[in-house]
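> Before I ask anything, let me first share the structure, which is written out below as structure tokens.
All of the numbers you see were taken from the coordinates with simple rules; none came from a lab. Computed from a prediction, not measured in an experiment: that's the story for all the values here. Cβ placement follows ideal geometry from the backbone for every residue including glycine, while neighbour counts extend to all protein chains displayed.
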Amino acid sequence: MNAHHSIAAHRLLTETHNRLSDHPDQSVPPLDDLLAQLVVELYDHDRLGGRTRSLGGTVDEAAACLLNLATPQRVTSPFDEDLRTRMRDLDRRPLPERLLLLKAAVRRTRL
């Protein structure tokens, strides 16, 4: 992860964790959809850490980080073709487990 994407991915993962923490039940959007929605909100409020080359790339970096934590036996890159399918697998996990993954991803991307 290069430094710029790391900052943007960290901020995206942090905001995603904050939003999911506000949901007391399982009626939350899929993680991939939430990442895509929040990256646009963060970009619109100039909170991604300077010039962002690609909003989709930031979402993919964040998704890859989550998947690497969830399935450490398989290395995931932001360019993997099955990234979206594998993200749907994370949505089947209970909300507390998804929150733990997000918290770990926030720590991992902190500079």
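> Quick one: putting +1 on the C-beta of Lys and Arg, -1 on the C-beta of Asp and Glu, what dipole do you get for the chain around its Cα centre, in Debye to the nearest 20?
That gives a dipole near 440 debye.
> Please check the chain for the longest run free of trypsin sites (Lys or Arg not before Pro) that are loop-located per DSSP (anything but H, G, I, E, B) and have at most 15 other Cβ atoms within 10 Å.
My reading of the result: 1-46 is the longest stretch.
> For the chain, take the convex hull of the Cα atoms, compute a quarter of its surface area, and give me that in nm², please.
With every direction weighted equally, the projected area is 6.4 nm².
> Using a Förster distance of 25 angstrom, determine the FRET efficiency expected from the C-beta separation of THR85 and ASP46, and round it to 0.05.
The pair THR85/ASP46 has a calculated efficiency of 0.20.
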